[in-house]
Every structure is written in structure tokens, then in C-alpha cells.
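J.: Have a look at this one.
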Amino acid sequence: MSAPAVRVRGLVRTFTLKGVLNGIDLDIAPGEFVALLGRSGSGKSTLLRALAEIDHEAEGTGEIALPDRLAVIFQDARLLPWMRVLDNVLLGITGQRERGREALAEVGLAGRERAWPHELSGGEQQRVALARALVREPELLLADEPFGALDALTRIQMHALLRRLSDVHDPAVLLVTHDIDEAILLADRIVLLDDGRLAADLSVALPPEGLARRERIAELRTLLHRLLGVEDVPVDPLDPRSAAEARELSFQDGKPR
């Protein structure tokens, strides 16, 4: 068995004496896509920032073992407005302009290399942020609610794009999200954070297609709603009007998991 891409043991983080993470143990395998769910204030972003080594305001202890190459995507694309799109993709990288163009083509922005960030839609800006992350061929991709500010249709498109490119580049992925359906349709595994501790660790294991796949989606939604303390609204897994089914349609042309 290969060593995990991420290994966390006994991770504790506090802000002004308030505990946010209270002893986290977590492994993520190479190439594994993990979604991190939890209520607001449960510590999701704090855990991601600890892994990204940007939690400078926090104090804490614990062991974190990470791969050498990692990249982070935030809800805000964080493009530099005075730099053109290709230069934003290659920020900090020299002599790789062809590689940057290839990354932009992968995210559907071929020909937009010389555009300015303000000329792009919100979804296009997030595509640039994704290209900037993947051009570095990360062994670990950390994503902190990267689609939270996008409209529903753009989010569906970005879900399919992220899953497809994750399959191609094969990094380990940790996605922080509030969206249960997003977690189910993207991840191989869902980890639930509650009051600074890991409360559940679920394998998604979606069948490749058909009724069994839709029933598994409905089962996971109901379970996660219960674990999160949300009053579930009954959803017919065969009803194409449900949110999960609508998002599922965007994956039909992609690689089954």
C-alpha cells in the first residue's frame, strides 16, 4: 500500500483561546478526492488553511505530512487585475508559456491568453484559477468552496470540469464545501467535521449509472442531512427535477466513477 498523500495526526488549532480543531487525524491517499462537509464554524476552512500552511493567525499543535507540490483554489479567484490571463496562470513560473496555454485550453479558455481579468465572467475567472493550480501539476489540490459564488448553471459546469481534470492530472483533492450534492457527485469520500472533530468518514461508492446510482445519491443525501442536523425534504430519486438529479446530468458525458 502506498503512503498517504496527506497524513494528519492530533491536529489542534485555536484562535484567542477558542478551540477550532480539537485533535484531527486524517489520511488522504494519492489521487483520492475527499470532500469536507460541516456546519458553519465547524473548522472546515481552518483545516484547509492548516494544510496549506497559511493559518498564521492560529496557534496549535499536531503533525502534518504533505507532498512537495500543492496548490490552493479559493472562492475568490484572486487574479491580479494588472496581469493578463496567461500571466496570472504562470504567476511565479518562468519559461513555461506553452504549458500555460495548454492549461487554459484544458479549462476551456483557449484564445483568452491576453484577456484582462475584468473581461472575464466569474466562472471564467475560476477557470483561470483552476488552470493556475493545475499547471503546477500538484500532488495535492486544496479547494476552499471554489464554486460558492457562482450561479447554479456555472457551478454544474465547473463540477464536471473539476472532476474531469482531477481524473486527468490525478492529484489528491480536499474540497471544502457546504453543498451536500456537490460533495456526493464529486468526491470518492466524504469527511464530516463537527465541533472541531471528525464526526463521520463515508465512502461515496456511486454505481456507474442507472437506478442504483440514483438510489445511492438519495441515500447519501438523507444520511448527510441527518448527520448535519438538517431536516431532510423527501426526494424521489427518480424525479429529474431534484437538485441531485439535475447535477448528475452534467456528468453523463464524463468518465464514470
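J.: Name the pairs whose Cβ atoms lie under 9 Å apart, with the first residue in region 126-151 and at negative phi, the second assigned to a loop (DSSP other than H, G, I, E, B) and of a type in the set (Phe, Trp, Tyr), and 6 or more positions between them or separate chains?
T.: Between residues of region 126-151 that are at negative phi and residues that are assigned to a loop (DSSP other than H, G, I, E, B) and of a type in the set (Phe, Trp, Tyr), the close pairs are Gln126/Phe147; Ala129/Phe74; Ala143/Phe74; Asp144/Phe74; Pro146/Phe74.
J.: Show the residue pairs that are 6+ apart or on different chains and have beta-carbon atoms under 8 Å apart, the first residue being within region 26-37 and on the phi > 0 side of the Ramachandran plot, the second being outside any loop (DSSP other than H, G, I, E, B).
T.: That search, which allows pairs on different chains as well, returns Gly31/Ala172.
J.: Does region 14-21 include one or more residues that are closer than 12 Å to Val176 by Cβ and either at pLDDT below 90 or of a type in the set (Lys, Arg) (or both)?
T.: Taking every residue of region 14-21 in turn, none turns out to be closer than 12 Å to Val176 by Cβ and either at pLDDT below 90 or of a type in the set (Lys, Arg) (or both).
J.: Would you pick out the residues in region 124-168 that are in contact with a helix residue (DSSP H, G or I) (Cβ under 8 Å, 6 or more places away or on another chain), open to solvent by 10 Å² or more (accessible area, probe 1.4 Å), farther than 23 Å from Asp188 by Cα and assigned to a helix (DSSP H, G or I)?
T.: Correct list: Gln125, Arg132.
J.: Of all residues in region 17-52, how many are more than 17 Å from the chain's Cα centre (by Cα) and acidic (Asp, Glu)?
T.: The number of residues fulfilling the criteria is 1.
J.: Quick one: which of Leu224, Leu174 is outside any helix (DSSP H, G or I) and modelled with pLDDT of 90 or more?
T.: Leu174
J.: Can you find even one residue in region 195-203 that is open to solvent by 10 Å² or more (accessible area, probe 1.4 Å), part of a loop (DSSP other than H, G, I, E, B) and of a type in the set (D, E, K, R)?
T.: yes
The values are calculated or read from the model by the stated rules, or taken from the named source; none is laboratory data. Only a predicted model underlies this, so the values are computations on that prediction, with no experimental measurement involved. Methodologically, a virtual Cβ is constructed for each residue, glycine included, from the backbone with ideal geometry; neighbour enumeration extends over all protein chains shown. Calculation scope for accessible area: heavy atoms of the full protein, side chains included, ligands and nucleic acids excluded. Shrake-Rupley method; radii C 1.70, N 1.55, O 1.52, S 1.80 Å.
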